[in-house]
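Q: Structure incoming, see below.
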Amino acid sequence: MGSGSLSWDLCLFFVLINTCGVTGNAGLADTDECSEATDDCHIDALCQNTPKSYKCICKPGYKGDGKQCEDMDECDNDYTGGCVHECINIPGNYRCTCYDGFMLAHDGHNCLDVDECLDNNGGCQQICVNTMGSYECQCKEGFFLSDNQHTCIHRSDADGMNCMNKEHGCAHICRETPKGGPACECRPGFELAKNQRDCILTCNYGNGGCQHNCEDTDSGPVCDCHQKYVLHSDSKTCIEKDEAAIESSEFNATSVADVDKRVKRRLLMETCAVNNGGCDITCKDTATGVRCSCPVGFTLQPDGKTCKGLLDIAKNIP
């Protein structure tokens, strides 16, 4: 009888130990709020589970405490996201674009010249000459360029000074005046020189022949480069420099001036007063040019100009 009572006591002891152990472990069990979607992280934040709790961390391209996150405008600084021409901010990211006559390089930031002469001779009837950011048509001996700047007209040595006479001296366009005699004009993006014959290039044509930044001066365009590059000996092309040079005091002393040049050029080329700044719906003038935006229910497209409705976007989703 005593032996049986001892066995029963031992069994009861082990049962109690196992029960307590199970209860203790249950008390330490962690709840994964992230997988159960019971967290209060912002829609643009990532939820990270921790013992007995969780953390909210804003996604790359956003800033905040995780409970509240807002888009970071990578373009809104002196470095302009590393874009050498235009920087377009998009939710959580940004995109670089290039001026007309340039194409985006493989690194997604630099802009390279497009050789327009490779495509149908640039539309030129006779000779096509590629230039940085643009091109120009020329004619063979005995011909001169017509007003459309692409076709060539045979010269005439007729008496009297007129546009058919090869001595008219106009660099670009020659027009007959009502009073007789020729008058010179320049192609868009050029200004007529003081001698009323030559044409001076400006930054509004082919970016002034500059690969990156262009500033108009009395003597013509002056080129400069984005922070990551230095000006080549040709005074037009930009070549990469090492990261240490970017942080040099010499560059920091001129960076503000470089930004001012870009701002001045953008303000000359883009304004909400002209064609709504190219914006689809809402246009706002800023210190760095126009800024397009869309109303609720629409999304700004990567081109930074077009607005597309949510229903239109859903139709295009495969």
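Rule-based calculations on the coordinates, nothing more; no lab input. Here the structure is a predicted model, which means the values were calculated and not measured. Methodologically, a virtual Cβ is constructed for each residue, glycine included, from the backbone with ideal geometry; neighbour enumeration extends over all protein chains shown.
Q: Where in the stretch 32-47 does the label zone of I57 land, with the point 7 angstrom along Cα→C-beta and an amide N cut-off under 17 Å?
A: 33-35, 40-47
Q: Calculate the spin-label point distance for D115 paired with K308, positioning each point 7 Å from the Cα along the beta-carbon direction, and give it in nanometres.
A: With each label point 7 Å from Cα toward Cβ, the separation is 3.4 nm.
Q: Spin-label point model (7 Å from Cα, Cβ direction): what's the D76 to R197 distance in nm?
A: 5.4 nm
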